[in-house]
Amino acid sequence: MRWLLIDQILECEPGVNAKGVKTFSRSEEFFQDHFPGMPIVPGVLQIEMMAQMAGKCYAISNPEVLPVLGTVKSAKFYGNINPGDRCYIYATIVKASKAFMMADCHVEVEGKKVSSASILFGYVMRNRLNSKEFDAVTEDWKKRQSEVKT
């Protein structure tokens, strides 16, 4: 199964910071078991959502690398994400080198912070991958940016 946890990149200063959005449908499979009678988005998926946002932010400015999650330095959960919630995902690249990058991220629902994480990433060189990866979310953002400039 592939977890696509960003619907759209709303704002991005490539390699610096980004804001994206994800709306969780009531039909998401994990809501059936997490938890029956009180469905909430699992914390691990919230961390993955933040990691995806930071990874996309960095990769837009460095397309030769694929950022991969290395360590979650810290994660905090302040509230629940429920079916139907529209989440705004924020990522700020706080440090980047040739070997790693660090990002501070958080998720908001209705203007309230529901989770945050400080995440360390390593890189995989894209030319070492065997797939023809296509990232529709990033490509959509790039297309919208080129339309704004014309």
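For the reader, a short list of remarks on this structure follows.
- Database remark: amide H of Val94 closer than 5 angstrom to the amide H of Met102, Ala103, Asp104 (H placed geometrically; neighbours at sequence offset of 5 or more, or on other chains; Pro and chain starts carry no H).
- Approximate spin-label separation Leu10-Phe134, in nm, with each point projected 7 Å along Cα-to-Cβ: 2.8 nm
- Dipole orientation for the chain: of the candidates Val16, Ala96, Ser74, Ala96 has the Cα lying most toward the positive pole (charges on Cβ; Lys, Arg +1; Asp, Glu -1).
- Hull volume in cubic angstrom per residue (convex hull over the Cα atoms of region 8-149): 129 Å³
- Inter-probe distance in nm under a simple model that places probes 7 Å from Cα toward Cβ, at Glu110 and Tyr78: 1.5 nm
- Summarising the amide proton neighbourhood of Leu10: residues at separation of 5 or more, or on other chains, whose placed amide H is nearer than 5 Å comprise Lys19, Gly20, Val21.
- Rounded to 10°, Cα long-axis angle of helix 136-149 versus longest principal axis of the chain: 60 degrees
- Shape of region 27-72, Cα gyration tensor, a/c cut at 1.5: prolate
- Derived scalar couplings between HN and Hα for region 2-11 equal 10, 9, 9, 10, 9, 7, 7, 8, 8, 9 Hz in order, rounded to whole Hz, by the Karplus curve 6.51 cos²θ - 1.76 cosθ + 1.60 (θ = phi - 60°), x for Gly and Pro.
- Subset of Lys76/Lys112; Lys56/Lys143; Lys113/Lys142; Lys112/Lys143; Lys22/Lys113; Lys19/Lys142 violating a 20 Å alpha-carbon distance limit: Lys113/Lys142; Lys112/Lys143
Every read-out reported here was derived from the displayed coordinates using simple, explicitly stated rules and does not represent laboratory data. Just so it is clear, the structure is predicted and the values come from calculations on it, not from any experiment. Virtual Cβ from ideal backbone geometry, glycine too; neighbours counted across all protein chains shown.
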